[in-house]
Amino acid sequence: MEPCSCDTFVALPPATVNNRIIFGKNSDRPCDEVQEVVYFPAAVHDNLKEHLKCTYIEIDQVPETYAIVLSRPAWLWGAEMGANEHGVCIGNEAVWGREEVCDEEALLGMDLVRLGLERADTAEKALNVIVDLLGKYGQGGNCSEGKMVFSYHNSFLIADRNEAWVLETAGKYWAAEKVQEGVRNISNQLSVTTKIDREHPDMRSYAKQKGWWDGKKEFDFAATYSYLDTAKMMTSPGRYCEGYKLLNKHKGNITFETMMEILRDKPSGINMEGEFLTTASMVSILPQDSNVPCIHFLTGTPDPERSVFKPFIFVPNISQLLDTSSPTFEDSVKKKPQFNIKPDRRHLLYQKHQQALEILDNKEEKAKTMLDNMSKLEKELFKEMESILQNKHLDVDKIVNLFPQCTKDEIRIYKPNISS
């Protein structure tokens, strides 16, 4: 079992069609953890003396934050993945290496995902936000709500309409690689090797001081800061290599539907099953033409093969996403001892989906009808979204309620099967 084994992907022209950047992520988390899909509007913060409460610590607030949509474990402040109104998308991964993981409470990698989205209107600015906060507050703290304790360093894949960045960390040290074309993926290992476009100023000297690098041979971040043999990285078994192969198989013809197929792939381990499983998925279309809206598809439910990717588009006055928002409880993260009792965080869609999955596992004929209806709903949505992308026209009154309406339509598919 690989704890917290996520996979994040990006494909850029010429690997994609129609001059679009396609971003995708599977969030693999403990099997009983609920992930919610939530929206926060843009905001102006006049009282900067008031600190911002993240999952464990408080930090300085900024004067303005952007509108964001997040897919996040329902117990914490940050997010596993998300997007903002400017077409910036971020997903993070757990990574480990030679540098010890700090158990002290600081910013979680998931907090940094949300902070990058709230505070940056391009991918590189999001990278700046994350590394600045990393330097100021550090990363650390338990990444699980249960009694299981696990902490990790983080890697991030950050994309916008023009480019992507891979940012990988080891404690406060970091290296970043700019991606301007083709495909790139990250998994639960460091993957920035010798192509380093930005870095922590002391990253090399610290490695030298620790005896990890002799200062003479070409500097390889992943080889130096972890135990990887980076020469075998692309051929060794594992999800990083499998994900890379799947992207390359479709190179030149990658669409948002291709990305969803990759996220649904079980033989590769990308769509994970077991104690850690794929608890939520996201795919985003980021057109390079700024007159065309970005479209973000989120499931809000486990197992993308048996979930519906529902579209979300940023417009003013979006309806709240009530059916994918978990109930709120007194803050269990701040209680000491922490996490003794796990509250029931299942939102309405999660509950209905869970009940439907039981039918899928036990009643063959009903299962087929339900899966056919889910697939039909999804195909209709894809057709509708493709039309928006081609025609560059939005019916704003409809889009305001797009994601909530799709969620209701999905629940409607489950209800007759659950009640009979």
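Residues in the range 168-186 that are free of Cβ contacts under 8 Å to residues at least 40 places away in the same chain, under 16 Å from L112 (Cα atoms) and in a strand (DSSP E or B): 0 in all. Within the range 78-96, the set of residues being in contact with a strand residue (DSSP E or B) (Cβ under 7 Å, 6 or more places away or on another chain) and surrounded by fewer than 20 Cβ atoms within 10 Å (Cβ to Cβ) comprises W96 only.
If you check N253, N271, N248, N291, which single one turns out to be of a type outside the set (V, I, T) and either surrounded by 18 or more Cβ atoms within 10 Å (Cβ to Cβ) or touching a Pro at 6+ places or on another chain (Cβ under 9 Å) (or both)?
Working: N253 fails: either surrounded by 18 or more Cβ atoms within 10 Å (Cβ to Cβ) or touching a Pro at 6+ places or on another chain (Cβ under 9 Å) (or both); N248 fails: either surrounded by 18 or more Cβ atoms within 10 Å (Cβ to Cβ) or touching a Pro at 6+ places or on another chain (Cβ under 9 Å) (or both); N291 fails: either surrounded by 18 or more Cβ atoms within 10 Å (Cβ to Cβ) or touching a Pro at 6+ places or on another chain (Cβ under 9 Å) (or both).
So the residue among N253, N271, N248, N291 that is of a type outside the set (V, I, T) and either surrounded by 18 or more Cβ atoms within 10 Å (Cβ to Cβ) or touching a Pro at 6+ places or on another chain (Cβ under 9 Å) (or both) is N271.
Listed by first and then second residue, the pairs with beta-carbon distance under 6 Å, at least 6 apart or on different chains, first residue in the range 366-391 and more than 12 Å from D409 (Cα to Cα), second surrounded by 13 or more Cβ atoms within 10 Å (Cβ to Cβ), are K366/I359; K366/N417; A367/L360; M370/N417; M385/I295; M385/P311; L389/V292. What do you reckon, is S5 at pLDDT 95 or above and open to solvent by less than 30 Å² (accessible area, probe 1.4 Å)? The answer is no for S5.
Taken over the range 1-36, residues that are touching a Phe, Trp or Tyr at 6+ places or on another chain (Cβ under 9 Å), assigned to a loop (DSSP other than H, G, I, E, B) and more than 27 Å from R119 (Cβ to Cβ) amount to 5. Of the residues making up the range 294-331, those that are assigned to a loop (DSSP other than H, G, I, E, B), touching a residue at least 40 places away in the same chain (Cβ under 8 Å), out of contact with any Ser or Thr (no Cβ under 9 Å at 6 or more places or on another chain) and not β-branched (V, I, T) are F314, P316, N317, S319, Q320, S325, S326. Screening V166 against (1) touching a helix residue (DSSP H, G or I) at 6+ places or on another chain (Cβ under 6 Å); (2) crowded, with 22+ Cβ neighbours inside 10 Å; (3) β-branched (V, I, T) leaves a single unmet condition, (1). The residues in the range 301-326 that are within 15 Å of the chain's Cα centre (by Cα) and closer than 16 Å to R346 by Cα can be counted, and the count is 3. Among the residues making up the range 37-70, those that are more than 18 Å from N317 (Cβ to Cβ), crowded, with 17+ Cβ neighbours inside 10 Å and touching a Phe, Trp or Tyr at 6+ places or on another chain (Cβ under 7 Å) are C54, T55, I57.
It is to be established whether one or more residues within the range 318-340 are in contact with a Cys (Cβ under 8 Å, 6 or more places away or on another chain) and modelled with pLDDT of 90 or more. No: zero hits.
Screening the candidates L371, L402, L389 for the property of being closer than 24 Å to Q35 by Cα and either open to solvent by less than 40 Å² (accessible area, probe 1.4 Å) or modelled with pLDDT of 95 or more (or both) yields one hit, L402. Taken together, the residues in the range 187-243 that are in contact (Cβ under 8 Å) with a residue 60 or more places away in the chain, open to solvent by 50 Å² or more (accessible area, probe 1.4 Å) and under 23 Å from the mean Cα position of the chain (by Cα) amount to 1.
The single residue among L127, L115 that is part of a helix (DSSP H, G or I), out of contact with any strand residue (DSSP E or B) (no Cβ under 6 Å at 6 or more places or on another chain) and not aromatic (F, W, Y) turns out to be L115. Being in a strand (DSSP E or B) and more than 30 Å from S290 (Cβ to Cβ) is the filter; apply it to the range 130-167 and report the residue that is farthest from the chain's Cα centre (by Cα). Per the stated criteria, the residue is Q139.
Taking the range 349-420 and the helices (runs of 4 or more DSSP H) fully enclosed by it, no element has 3 or more residues that are touching a helix residue (DSSP H, G or I) at 6+ places or on another chain (Cβ under 8 Å) and hydroxyl-bearing (S, T, Y).
The values are calculated or read from the model by the stated rules, or taken from the named source; none is laboratory data. What you are looking at is a predicted structure, and each value in this text was computed from that prediction instead of being measured. Cβ sites come from the backbone with ideal geometry, for glycine too, and all protein chains shown count toward neighbours. With ligands, DNA and RNA removed, areas are computed over all heavy atoms of the protein, side chains included. Shrake-Rupley method; radii C 1.70, N 1.55, O 1.52, S 1.80 Å.
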